[in-house]
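Report on the following structure.
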Amino acid sequence: MKVERTSIEGLLILVPRVFSDDRGSFFESFNQGLFNEFIGEQIEFVQDNQSISSKNVLRGLHFQNPPYAQGKLVRVIKGSVIDVAVDIRKDSATYGQHVAVELSEKNNKQFWIPPGFAHGFLALEDDTIFAYKCTNNYSPSSEGCLLWNDSDIKIDWNIDNPIVSLKDEEGEEFCNFVSQF
């Protein structure tokens with residue numbers, strides 16, 4: 001497995017070594033020891049989630065506040081997405097900045113998003129299967145949502161009218177956001 005650092009401290013892209021032949025392919029999608037070595041701390045995942053999205057579905061920008069903050073290791077099993085993490089750590093030099101990465105069944109990349117980031121993705125294909133490993137269980141009372149098209153965050157989703165939920169359409173504007181991180 002190879003690790004790619006991003007422009008924001010803490011966000012990592014993990015690229016597995018894929019073995020292919022005429023029968024198909026194989027790769028190790030997760031190894032706890034290697035993962036902990038890559039991020040430099042002991043992380044325990046307690047919940048796995050999976051979603052299926054149609055093309056142009058945008059989910060996010062979601063996060064959970066402390067004490068239920070979640071780190072997420074995300075990947076695409078089928079299809080492809082533009083995956084985005086926004087730094088909401090108020091003392092960070094990159095507060096309000098974001099990283100976008102394409103995750104797909106073809107590139108097998110995974111994106112580590114530690115606590116202190118809002119997260120969202122845009123499905124680029126129909127029937128995209130997206131998988132999340134989470135470091136904390138979901139807590140509805142701790143959930144937060146930033147507006148996916150916020151003019152201060154300036155994410156270029158490369159789409160004008162994505163399919164979004166009512167909750168995501170009513171996300172909080174970044175200029176009014178008070179981070180608990």
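What is the range 1-63 by shape, rounded, prolate or oblate, if you read a ≥ b ≥ c off the alpha carbon gyration tensor as root eigenvalues and call it rounded for a/c under 1.5, prolate for a/b larger than b/c, and oblate otherwise?
Values: a/c = 1.63, a/b = 1.05, b/c = 1.56.
Because a/c hits 1.5 or more and a/b fails to exceed b/c, the range 1-63 counts as oblate.
Is there a quick way to get the dipole size of the chain? I mean about its Cα centre, with the Cβ of Lys and Arg at +1 and of Asp and Glu at -1; what is the value in debye to the nearest 20?
Numbers: 16 positive and 27 negative charges, 86 e Å.
Magnitude of the dipole: close to 420 debye.
Based on a Kirkwood Rh over C-alpha pairs, give the Stokes-Einstein translational diffusion coefficient of the range 83-152 at 10 °C and viscosity 1.306 mPa s in µm²/s.
The estimated diffusion coefficient comes to 115 µm²/s.
Between the range 8-26 and the range 93-118, how many Å separate their Cα centres?
Using only Cα atoms to place each centre, the spacing works out to 15 Å.
Averaged over all directions, how much area does the convex hull of the C-alpha atoms of the chain cover when projected, in nm²? The partial results should precede the final answer.
On the way: hull surface 42.4 nm².
With the hull built on Cα positions only, its mean projection is 10.6 nm².
Quick check: residue separation of LYS55 and GLU4 times 0.36 nm, minus the Cα distance between them. What number comes out in nm?
On the way: separation 51, 0.36 × 51 = 18.36 nm, distance 2.72 nm.
Gain on stretching LYS55 to GLU4: 15.6 nm.
Cross-link candidates for LYS106: which lysines have Cα within less than 20 Å, leaving aside residues fewer than 8 places away along the same chain?
Candidates past the 8-residue exclusion: LYS2, LYS55, LYS78, LYS133.
Taken together, the values in this text are just the output of simple stated rules run on the coordinates, not laboratory data. Keep in mind that this is a model prediction, so the values were computed, not measured. Cβ: placed from backbone, ideal geometry, glycine included. Neighbour counts: every protein chain shown.
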